[in-house]
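Notes follow the structure.
Just so it is clear, none of the values below were taken in a lab; they were calculated from the coordinates. These numbers were taken from a predicted model, which means no experiment stands behind them. Because the Cβ atoms are built from the backbone with ideal geometry, glycine has one as well, and the counts that use them run over all protein chains shown.
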Amino acid sequence: MQFEEIEKNIGYTFKDKNLLKTALTHTSYANVYGVESNEKLEYLGDSILEFITSKYLYNNYKKLKEGEMTKVRATVVCEESLYNIAVNLNFDEFLIVGKGEKGAKNKAILADSIEAVIAAIYLDSNLENAEKFIISNLKESIEFASHNVGIKDYKTALQEKLQVHGNVKIEYIIISEEGPDHDKHFVTEVFCNGKKLAQGSRK
């Protein structure tokens, strides 16, 4: 493994390179070759991530209420958010997975590896360095989520608008789907009382 490149992406140089290697080792590889996987690191990293994000929100977003901080944290500390960080840092090039596992492109596995790396940084040094890694990668997402907290999702907003004069029948019909299970692309049509209103696509 080329530690220099992944450490450059992470922004931290490990004293114990084995910790980094373990953080990037999926169970599909570990079980075959009898080495330690990143599962326990992921467990620890999840707790550190939630604590650091909560602390950052508490210290920097004084105007947010408790419930709003919880919503912002849930928005940024989620599989999708962590997956995006992993992709940005090119973790897919460094994950150690078994031959039959397409882990390098698997959203859940990539997201879990971020939590494992957080724990590895903490164990290799201290909470401060783990915090630097977390905030540097989540700061923009937290800022965006804090400005949009409380805004309803599109389906709820549409439902409220259509039902302003009474109950109506709203249907969402998937007309096509493409791609592997971990990266599906859907095309959906929305109907109100049998009348087609719009068509949209999403992943």
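Within segment 56-96, the proportion of C-alpha pairs whose separation exceeds 17 Å stands at 46%. Within segment 1-131, the percentage of alpha carbon pairs spaced more than 27 angstrom apart rounds to 19%. Annotation for K17 and S54: the two label points, set 7 Å from Cα along the Cα-Cβ direction, are 3.7 nm apart.
Express the Stokes-Einstein translational diffusion coefficient of segment 1-72 in µm² s⁻¹, to the nearest whole number, given a Kirkwood radius over alpha-carbon pairs, 10 °C and a viscosity of 1.306 mPa s. Write out the running numbers ahead of the final one.
Details: Rh = 14.7 Å.
For the chosen part, D equals 108 µm²/s.
May I ask for the angle, rounded to the nearest 10°, between helix 107-124 and the longest principal axis of the chain, with both axes built from Cα atoms and the value confined to 0 to 90°? For helix 107-124, the angle is close to 40 degrees. Between F191 and A108, the FRET efficiency estimated from the beta carbon spacing at R0 = 35 angstrom works out to 0.60. Calculated FRET efficiency, V168 to N9, Cβ-Cβ distance, R0 = 35 Å: about 0.10 to the nearest 0.05.
A DSSP coil position with no more than 10 other Cβ atoms inside 10 Å describes the following trypsin sites (Lys or Arg not before Pro) in segment 77-139: K99.
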